[in-house]
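K.L.:
Input: one structure, supplied below.
The values are calculated or read from the model by the stated rules, or taken from the named source; none is laboratory data. None of the values given here were measured: they were computed from a predicted structure. Cβ: placed from backbone, ideal geometry, glycine included. Neighbour counts: every protein chain shown. For accessibility, only protein heavy atoms count, side chains too; no ligands or nucleic acids. Shrake-Rupley method; radii C 1.70, N 1.55, O 1.52, S 1.80 Å.
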Amino acid sequence: IVASVETEDRAGDLIQASGWDLAAYERNPVVLWAHQYLAPPIGRSLRTWVEGKSLMATIEFAPTPFAQEVRRLYAGGFLRGVSVGFRAIETEQRKSEAGRRGILFKRQELLEISAAPVPLHPDTLVSGDPWRLPESGRATADALSSIRRLWEEIGALTGAPLSGCPGLPGPGNKAAAR
């Protein structure tokens with residue numbers, strides 16, 4: 001997902017990607033529903049990094065009914081927004097080329113990433129297939145990967161043209177992909 005981008009948001013603010021402090025977040029990589037700090041998380045970030053002018057993350061949803069409902073909303077295209085909660089460390093006032101006033105966040109500590117129906121930044125959206133992990137999480141993804149490798153080895157040993165592993169998402173089996 002694209003969690004934050006270094007362009008002006010709807011409030012006229014801009015967050016510098018090079019200023020992200022991810023150390024504390026990586027020890028507690030929570031994903032929340034709409035910045036609800038008092039509610040249980042709906043997921044976690046498996047990997048969070050800065051790429052160019054963007055803060056990126058790979059997300060895994062929790063195995064709770066609500067988290068899985070949110071996952072299905074993303075998968076179905078009904079929900080696309082993402083937002084970040086952070087603590088400002090270094091800021092300054094800014095004025096955009098259009099004359100809008102806002103804040104330039106030069107250094108900031110990431111606290112959480114949220115699934116957001118209407119994010120403050122219109123460009124912080126899911127990209128590609130960020131919710132590619134199966135519903136039950138990393139262990140299932142690892143098991144599917146192992147099964148896929150075994151299937152390919154069976155095909156190599158038998159000389160049979162096995163184009164895809166039945167029932168599993170992956171190359172040669174597009175119908176089962178999520």
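K.L.:
Checking residue 44 against (1) in a strand (DSSP E or B); (2) open to solvent by less than 70 Å² (accessible area, probe 1.4 Å); (3) at pLDDT 95 or above, only one condition comes out false. Which one?
P.N.:
Here residue 44 clears every test but (2).
K.L.:
Here's something else I'd like to know. So which of 60, 97 ends up being acidic (Asp, Glu) and open to solvent by 30 Å² or more (accessible area, probe 1.4 Å)? Please lay out each step first, then the result.
P.N.:
Working: 60 fails: open to solvent by 30 Å² or more (accessible area, probe 1.4 Å).
The match here is 97.
K.L.:
Continuing with the same structure: Going through region 115-138 one residue at a time, which ones are modelled with pLDDT under 65, among the small types (Gly, Ala, Ser), closer than 28 Å to residue 50 by Cβ and open to solvent by 30 Å² or more (accessible area, probe 1.4 Å)?
P.N.:
The one that is modelled with pLDDT under 65, among the small types (Gly, Ala, Ser), closer than 28 Å to residue 50 by Cβ and open to solvent by 30 Å² or more (accessible area, probe 1.4 Å): 128.
K.L.:
Here is a further query. Does residue 72 qualify as being open to solvent by 70 Å² or more (accessible area, probe 1.4 Å), at pLDDT below 95 and outside any loop (DSSP other than H, G, I, E, B)? So that I can check it myself, show each step before the final result.
P.N.:
On the way: open to solvent by 70 Å² or more (accessible area, probe 1.4 Å): yes; at pLDDT below 95: yes; outside any loop (DSSP other than H, G, I, E, B): yes.
Answer is yes for this residue.
K.L.:
Which residues, taken from region 1-43, are polar (S, T, N, Q) and either under 18 Å from the mean Cα position of the chain (by Cα) or closer than 17 Å to residue 88 by Cβ (or both)?
P.N.:
Answer for region 1-43, where residues must be polar (S, T, N, Q) and either under 18 Å from the mean Cα position of the chain (by Cα) or closer than 17 Å to residue 88 by Cβ (or both): 4, 16, 18, 28, 36.
K.L.:
Check whether at least one residue in region 47-60 is touching a helix residue (DSSP H, G or I) at 6+ places or on another chain (Cβ under 7 Å) and touching a residue at least 60 places away in the same chain (Cβ under 8 Å), and report yes or no.
P.N.:
Yes: one or more hits.
K.L.:
Which residues, taken from region 1-41, are assigned to a helix (DSSP H, G or I) and either open to solvent by less than 50 Å² (accessible area, probe 1.4 Å) or in contact with a helix residue (DSSP H, G or I) (Cβ under 8 Å, 6 or more places away or on another chain) (or both)? Explain how you work it out, then say what you get.
P.N.:
Here is the first cut: in region 1-41, the ones assigned to a helix (DSSP H, G or I) are 17-19, 23-27.
Those that are assigned to a helix (DSSP H, G or I) and either open to solvent by less than 50 Å² (accessible area, probe 1.4 Å) or in contact with a helix residue (DSSP H, G or I) (Cβ under 8 Å, 6 or more places away or on another chain) (or both): 17, 19, 24, 25.
K.L.:
A further question follows. I'm told residue 77 meets every condition in (1) part of a loop (DSSP other than H, G, I, E, B); (2) open to solvent by 60 Å² or more (accessible area, probe 1.4 Å) except one. Can you identify the failing condition by its number?
P.N.:
(2)
K.L.:
A follow-up question, please. Given (1) of a type outside the set (Phe, Trp, Tyr); (2) in contact with a strand residue (DSSP E or B) (Cβ under 8 Å, 6 or more places away or on another chain); (3) open to solvent by 50 Å² or more (accessible area, probe 1.4 Å); (4) within 12 Å of residue 1 (Cα to Cα), where does residue 53 come up short, assuming only one miss?
P.N.:
Of the numbered conditions (1) of a type outside the set (Phe, Trp, Tyr); (2) in contact with a strand residue (DSSP E or B) (Cβ under 8 Å, 6 or more places away or on another chain); (3) open to solvent by 50 Å² or more (accessible area, probe 1.4 Å); (4) within 12 Å of residue 1 (Cα to Cα), the odd one out for residue 53 is (4).
K.L.:
Quick check: is even one residue across region 84-91 in contact with a Pro (Cβ under 6 Å, 6 or more places away or on another chain) and either open to solvent by less than 70 Å² (accessible area, probe 1.4 Å) or modelled with pLDDT under 95 (or both)?
P.N.:
To start, the set of residues in region 84-91 that are in contact with a Pro (Cβ under 6 Å, 6 or more places away or on another chain) comprises none.
No: zero hits.
K.L.:
Do we have any residue at all in region 102-114 that's assigned to a loop (DSSP other than H, G, I, E, B), modelled with pLDDT of 65 or more, out of contact with any Pro (no Cβ under 8 Å at 6 or more places or on another chain) and hydrophobic (A, V, I, L, M, F, W, C)?
P.N.:
No; the residues of region 102-114 include none that is assigned to a loop (DSSP other than H, G, I, E, B), modelled with pLDDT of 65 or more, out of contact with any Pro (no Cβ under 8 Å at 6 or more places or on another chain) and hydrophobic (A, V, I, L, M, F, W, C).
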